[in-house]
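Just below is one structure, and these are the notes that go with it.
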Number of protein chains: 4
Amino acid sequence: MDLVDCYKKVRRRTEQICSPLQTEDYVVQPVVDVSPPKWHIGHVTWFFETFILKPYFMGYQEFNPNYNYVFNSYYETVGNRVIRTDRGNLSRPTVADIYQYRAYVDEAMAKFLCEEPSSDVKELLILGFNHEEQHQELLLTDIKYILGHNPLFPAYSADYVSPKVKETDTAFIKMGEGIYEIGFEGEGFCFDNELNQHKVYLNAYGISPNLVTNAEYLEFINSGGYHDFRHWHAEGWDWVNTNKVEAPLYWHLIDGAWHNYTYHGLQQVNLNEPVCHISYFEAYAYASWKGLRLPTEFEWEAAATKFDWGKNWEWTESAYLPYPGFAKAPGAIGEYNGKFMVNQKVLRGASEVTSPGHSRVTYRNFFQTHLRWQFTGIRLAR
Amino acid sequence: MDLVDCYKKVRRRTEQICSPLQTEDYVVQPVVDVSPPKWHIGHVTWFFETFILKPYFMGYQEFNPNYNYVFNSYYETVGNRVIRTDRGNLSRPTVADIYQYRAYVDEAMAKFLCEEPSSDVKELLILGFNHEEQHQELLLTDIKYILGHNPLFPAYSADYVSPKVKETDTAFIKMGEGIYEIGFEGEGFCFDNELNQHKVYLNAYGISPNLVTNAEYLEFINSGGYHDFRHWHAEGWDWVNTNKVEAPLYWHLIDGAWHNYTYHGLQQVNLNEPVCHISYFEAYAYASWKGLRLPTEFEWEAAATKFDWGKNWEWTESAYLPYPGFAKAPGAIGEYNGKFMVNQKVLRGASEVTSPGHSRVTYRNFFQTHLRWQFTGIRLAR
Amino acid sequence: MDLVDCYKKVRRRTEQICSPLQTEDYVVQPVVDVSPPKWHIGHVTWFFETFILKPYFMGYQEFNPNYNYVFNSYYETVGNRVIRTDRGNLSRPTVADIYQYRAYVDEAMAKFLCEEPSSDVKELLILGFNHEEQHQELLLTDIKYILGHNPLFPAYSADYVSPKVKETDTAFIKMGEGIYEIGFEGEGFCFDNELNQHKVYLNAYGISPNLVTNAEYLEFINSGGYHDFRHWHAEGWDWVNTNKVEAPLYWHLIDGAWHNYTYHGLQQVNLNEPVCHISYFEAYAYASWKGLRLPTEFEWEAAATKFDWGKNWEWTESAYLPYPGFAKAPGAIGEYNGKFMVNQKVLRGASEVTSPGHSRVTYRNFFQTHLRWQFTGIRLAR
Amino acid sequence: MDLVDCYKKVRRRTEQICSPLQTEDYVVQPVVDVSPPKWHIGHVTWFFETFILKPYFMGYQEFNPNYNYVFNSYYETVGNRVIRTDRGNLSRPTVADIYQYRAYVDEAMAKFLCEEPSSDVKELLILGFNHEEQHQELLLTDIKYILGHNPLFPAYSADYVSPKVKETDTAFIKMGEGIYEIGFEGEGFCFDNELNQHKVYLNAYGISPNLVTNAEYLEFINSGGYHDFRHWHAEGWDWVNTNKVEAPLYWHLIDGAWHNYTYHGLQQVNLNEPVCHISYFEAYAYASWKGLRLPTEFEWEAAATKFDWGKNWEWTESAYLPYPGFAKAPGAIGEYNGKFMVNQKVLRGASEVTSPGHSRVTYRNFFQTHLRWQFTGIRLAR
């Protein structure tokens, strides 16, 4: 597929994700980590305008100079911006205004891409695709939060199909002691945080071929796991008690039966599904209660060809740190990953809302330890 | 005008106020005191449904039982409700849903009012009209805040006409020492907080026939009034410093010239207009800087027939307290005023966005001392 | 008694109050409103040094120039100061240092007062006595808080004698409608907030000759008063729920029996004593539950010669506002009262820890509506 | 040295550290991370009483049952406790009470240790020694904070001698690629977090033989390092701006010259000393500004025999995580380390206030990334 087609395909998918929304659903920000859908669709457009059209497309005229202030996410290099907590306070630009902005930028990009771009631009373009795919995932995640925290619990779309998990053996996969190669190497796109490929020494370990299910997690709940400090980090224990956490996000106990909010609305919890929407603190506590532990990201990557993954992002025990030889790109693009490499945990795999083809075995996602609005799950190691 | 026509007229005006809005403008809540317009139009509808249709209209079927949870403002008697800070997090019910709700309730009300209502219902109906008029004022106030805090500073409506202030003498009106009658007495509607009429003894005093203008207030700013603790209450001084307040709300210093946001967008400050959107703390500090003071609400009421009022709500020195013999109504309606009678100041008069005919000389508005989003101004006394 | 003797007597009493303390008790500040005793004894000394010795005593040499920073309470005129929340973080100056400071200032004052002071100085001196008496009351109040919030509940002093309340009739005193004179007039000391004497028109009212007792207040608790929103201001209801208030400050339910911390340690609640250590919100709610109300400060003052008072400060319904003709003194002394006249309630009377002779029928104390560490009680009106 | 002598020596050193203090210095807690000295000396005593005397010394009678509540630090297993922020609010038990408690426990320990203890007890005893040594370091650290944040800047002790740093070559030490053994192995005491010894694969790297000096750090300050977002983590940048950080803790710019608070009082910054009292965020930013990086804890340990350490705790890039095979001890002692293994960074080495013989090359200290009150410094790697 050529670049223009790739561009169109990526852009179209973003709009398809939003097609079931009402105008009002685009606007709200019920919690700081969730951005309004209209902000996402403006921001990914701003990314192409700011990093490709403005510097490389001679004669390009900016759509609206105020949009830089509105749609910059966190790039200090690119100037001031609406503070993150205020994104949900903006009624303007309207959803229609932003779709117009998209159309305007798409038209300019189509013209610009008529001629074969330089390799620099190609690299930025592919970064832009991957960036928009990351926001597609965030869009689905944030839409779930917006609708799932509405007292009316509206469904997102009857057409949404959740992927099935393959059934498999329960025996832990055995991995031998020794040196493993970790990180990306070869052709194709990767993020800077997957570099450099390097050697890691691992002790012998076992890793589960399956994710922990809702049925298994319910045992933890029912046996008082949320009320037994012994399984929790001190910081996790504070978090549980301050927030009075009793179950995964989206779970509601209704007339004695656990329900959870899904893209089809409120439903009874499916016991065979992997448990989802838990914090690192909960993942750790569950593993501790089982007398097991979470894998490191290296253990995960070394074994990843031996099990099925891609349903939930999986918490690892690893802190998000630079690989040996990690170097930031110059300029604003250098702010993409490096500045977040502190006080976060690595997640590996991909989730049911990850864009197709977006992830790979070396891919590193990362979140703070208390966050639950992503599709996060648990794989055990020993 | 009969009750049905009154009902229709009040309801129509609410919709006219909202007609210049985009759907997105109905949704956001940029600060806790500002409610989303769609919440206002749902809430005033809920008021008629809850206090008239459900108890008095036999066979009335509730539009949607969840709406009680969504549109209850602060009536503890009527059950749980969305917490106030969360109103801006709700994308559903949509604006269209809420207009449908209005139509449904309006139709039922029209049917119900075919027959002459009892005097109890009539009283509630008139309270409902006054309640909706209060929310009309809040709608205009909140819309100004929503648009005036958007980085694009969109205008509300080119058709909006701001009332003119009558020019007048500058000599203070002299009022003699003695006993004055304060509070409402007679036919017609009043709120419970205007009762009972009672005697108050006042010393001789003078009161200005004019509101303080922007030009006068600028002298206070330019002479360093915001940086001189001597004019401020201790609590006001904390507020100024914590919030780094330098001018009234909506004022922006652009290239050395003061501008303020108006319903027509950002404009240079009109020096002849009364100063507006100031807190009680600022009103008090201004008066102190002038060597004068604010009037009490009793001084204001006793002199109110002698000057022109109705452009800005006017801060008084009086705390919001019950009049002698004040009694709450039984049930939910009793929560209307009494429970707010602590730590607030009384404002007298009316503002440019008060609904026509809504105010009177005995009307008591009230706000906390740091609030500025209302159309608040200053009249001096000595 | 001459001025030197008065000075010595006031100063001695402060030290007597502190004599049962351990060094450590002088240091801590368990909550922002409570100041460490060593701060009090330094601050009252600083008052004489700053307002009398430094401006009026030729050749006086300041004890330590850093002490101005440490012991200034809230006088903006006199320069920067340790922020109030940090008073409990200071281990130096030590208690011994501060007693040395006291001795140094006392010696200088004794020399200075050898010669008859000017009338300006006399006025400041008498203000200084009254100021120190106010801090004597605060010392006793703060010591109770410090010891009463220690998990060991140490007694303050076995020698402390609590005053008895006179038993009396229960019939409400009847007061006629008409004009009353309110405020201080005549010879002797008063604070600026008691001026000017002025006329107030009161409707006929009744006022209880007795304070509400613990037995009566327990009925309110036992009938669910803390859980019934109808009796509370909206702000009071938030306060009750946020702070999970279930009883007056210092009350503990131990094995089914209510105890309270006293200067003699933890004891069973004496049912015949007046209820004490309640917020305005609780006083208001209790009165509402009884179908009665609190008196205004004018009603209290007009009737005060007809009942016994002085056991507890009594909450009134009146907001703390300036009397007609109120004028601040020039300079730092002008910060004494005026800048607190917003968002506070007036208390009348005196408490068991008020210094002898310190209060009078026109005396106005004031606190914020949520505070309970003072000896506050309830007298009802109708 | 036998166990009794060891015990006495450790206990005596704690008291020597406190000997220059005034009673008041024992009491205050100016910030949550700093505990009052009297709490430290009670807590280390409680440790021996709770984990040795009560379970193992037949017939031992607890000194005061309330002390468990007062002196438990964070052991959930052992029951409720004073919340950490309240430690500075306790005037009782007094300093004298606590020294009596120490004497009581010391006497009981001396009796108990007359007979050869079991190996279980011996292990606890040695843990108790190491625990008390950790608190000796904290005592000195906290005392510095208490006195260094007092507006009078009192010296701790004229006798305090700061260790000299050895001068050395500036060439980076070269370390080859390969497998290294990390963690404790062999006889003698270590903490559970130093186990198990395991293999780590390291790329070739260079590490500085010297700590970064004040002179070098001043270049970073003077070149605007605190105002250039490019060198900071996003979370570090927020921290710098929220707290308006401009220099290391204890630094004050006085008449154009940088001073810092030391145990001898306020002094001009010694340019040849290693920079101290900086957060991880600052260490990282400095390294980034230099075009270098911090070492991982593995790189540090592998090279540690080749350079001089022990002046400052050194921030590493490593997150504090369990080693392979890490296992918590059963019971309360198991809460010692494991529950803190999230969102903290590892520090290696030792500081000038570490107790003699307390540290070793495998020792792992850990703090949150914003903390500066420890003696923290920077060693660079590449």
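The values are calculated or read from the model by the stated rules, or taken from the named source; none is laboratory data. On a predicted model such as this, the values are computed, not experimentally measured, just so you know. Using ideal geometry, Cβ is built from the backbone for each residue, glycine included, and neighbour counts are taken over all protein chains shown. Areas reflect the complete protein model, heavy atoms only, side chains present, ligands, DNA and RNA absent. Shrake-Rupley method; radii C 1.70, N 1.55, O 1.52, S 1.80 Å.
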Reported set for the range A:287-316 where residues are among the basic types (Lys, Arg) and within 14 Å of chain D (Cβ to nearest Cβ) is A:ARG293
Being more than 9 Å from every other protein chain (Cβ to nearest Cβ), aliphatic (A, V, I, L, M) and closer than 28 Å to B:ILE52 by Cα is the filter here, so list the residues in the range B:317-349 that pass it. B:ALA327, B:ALA329, B:ALA332, B:ILE333
Taking C:ALA234 as the residue in question, decide whether it is over 22 Å from B:GLY338 (Cα atoms) and of a type in the set (A, V, I, L, M, F, W, C). no
If you go through the range A:138-173 one residue at a time, how many are over 21 Å from the mean Cα position of the chain (by Cα) and more than 14 Å from chain B (Cβ to nearest Cβ)? 10
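Is it the case that C:ILE126 is surrounded by fewer than 15 Cβ atoms within 10 Å (Cβ to Cβ), out of contact with any Cys (no Cβ under 8 Å at 6 or more places or on another chain), part of a helix (DSSP H, G or I) and in contact (Cβ under 8 Å) with a residue 40 or more places away in the chain?
So C:ILE126 fits the description; yes.
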Reported set for the range A:51-67 where residues are surrounded by fewer than 17 Cβ atoms within 10 Å (Cβ to Cβ) and away from chain B (no Cβ under 14 Å) is A:LYS54, A:PRO55, A:TYR56, A:MET58, A:GLY59, A:GLN61, A:GLU62
Segments classed as strands (runs of 3 or more DSSP E), wholly inside the range A:147-243, with at least 1 members that are acidic (Asp, Glu): A:178-182
Consider the range C:1-21. How many of its residues are in a loop (DSSP other than H, G, I, E, B) and under 21 Å from C:THR94 (Cβ atoms)? 3
Determine which member of the set A:TRP289, A:TRP300, A:TRP309, A:TRP313 is of a type in the set (Phe, Trp, Tyr) and touching a His at 6+ places or on another chain (Cβ under 6 Å). A:TRP289
Does C:PRO154 count as at pLDDT 95 or above, at negative phi and not assigned by TED's automatic domain parsing to the domain that holds C:ALA332? yes
Which residues, counting only those in the range B:274-300, are open to solvent by 20 Å² or more (accessible area, probe 1.4 Å) and either at pLDDT below 95 or not in a loop (DSSP other than H, G, I, E, B) (or both)? B:TYR284, B:SER288, B:TRP289, B:ARG293, B:PHE298
Within the range B:64-83, the residues that are in a loop (DSSP other than H, G, I, E, B) and within 15 Å of A:PRO151 (Cβ to Cβ) are B:ASN64, B:PRO65, B:ASN66, B:ASN72, B:GLY79, B:ASN80, B:ARG81, B:VAL82, B:ILE83
If we keep only residues of the range A:22-50 that are assigned to a helix (DSSP H, G or I), among the hydroxyl-bearing types (Ser, Thr, Tyr) and away from chain B (no Cβ under 12 Å), then the residue surrounded by the most Cβ atoms within 10 Å (Cβ to Cβ) is A:THR45
Taking the range C:90-120 and the residues there that are part of a helix (DSSP H, G or I) and at pLDDT below 95, the one that is nearest to the other protein chains (Cβ to nearest Cβ) would be C:ASP120
Every pair of residues 6+ apart whose Cβ atoms lie under 9 Å, when the first sits in the range D:1-12 and is closer than 13 Å to D:ASN130 by Cβ and hydroxyl-bearing (Ser, Thr, Tyr) while the second is open to solvent by 30 Å² or more (accessible area, probe 1.4 Å) and part of a helix (DSSP H, G or I): D:TYR7/D:ASP106; D:TYR7/D:ALA110
With at pLDDT below 95, over 25 Å from D:TYR145 (Cβ atoms) and either surrounded by 15 or more Cβ atoms within 10 Å (Cβ to Cβ) or among the β-branched types (Val, Ile, Thr) (or both) as the only criterion, which of D:ASP169, D:ASP228, D:ASP192 stands out? D:ASP192
Among the listed residues B:GLU352, B:GLU246, which satisfies the condition of being touching a Cys at 6+ places or on another chain (Cβ under 9 Å) and in a loop (DSSP other than H, G, I, E, B)? B:GLU352
Residues being of a type in the set (Gly, Ala, Ser) and either modelled with pLDDT under 95 or buried (at least 20 other Cβ atoms within 10 Å of the Cβ) (or both) - total across the range B:195-212: 1
Looking at the range A:68-82, which of its residues are within 14 Å of chain D (Cβ to nearest Cβ) and either of a type in the set (D, E, K, R) or open to solvent by 20 Å² or more (accessible area, probe 1.4 Å) (or both)? A:TYR74, A:GLU76, A:THR77, A:VAL78, A:GLY79, A:ASN80, A:ARG81
Can you find even one residue in the range D:208-218 that is within 13 Å of chain A (Cβ to nearest Cβ) and either under 22 Å from D:GLN344 (Cβ atoms) or not acidic (Asp, Glu) (or both)? no
Residue check for A:MET109: among the aliphatic types (A, V, I, L, M) and buried (at least 18 other Cβ atoms within 10 Å of the Cβ): yes
Does B:PHE366 satisfy the condition of being more than 28 Å from B:ASP238 (Cβ to Cβ), within 14 Å of chain C (Cβ to nearest Cβ), out of contact with any His (no Cβ under 6 Å at 6 or more places or on another chain) and at pLDDT 95 or above? no
If you check B:ARG87 against the conditions, is it at negative phi, open to solvent by less than 50 Å² (accessible area, probe 1.4 Å) and basic (Lys, Arg)? yes
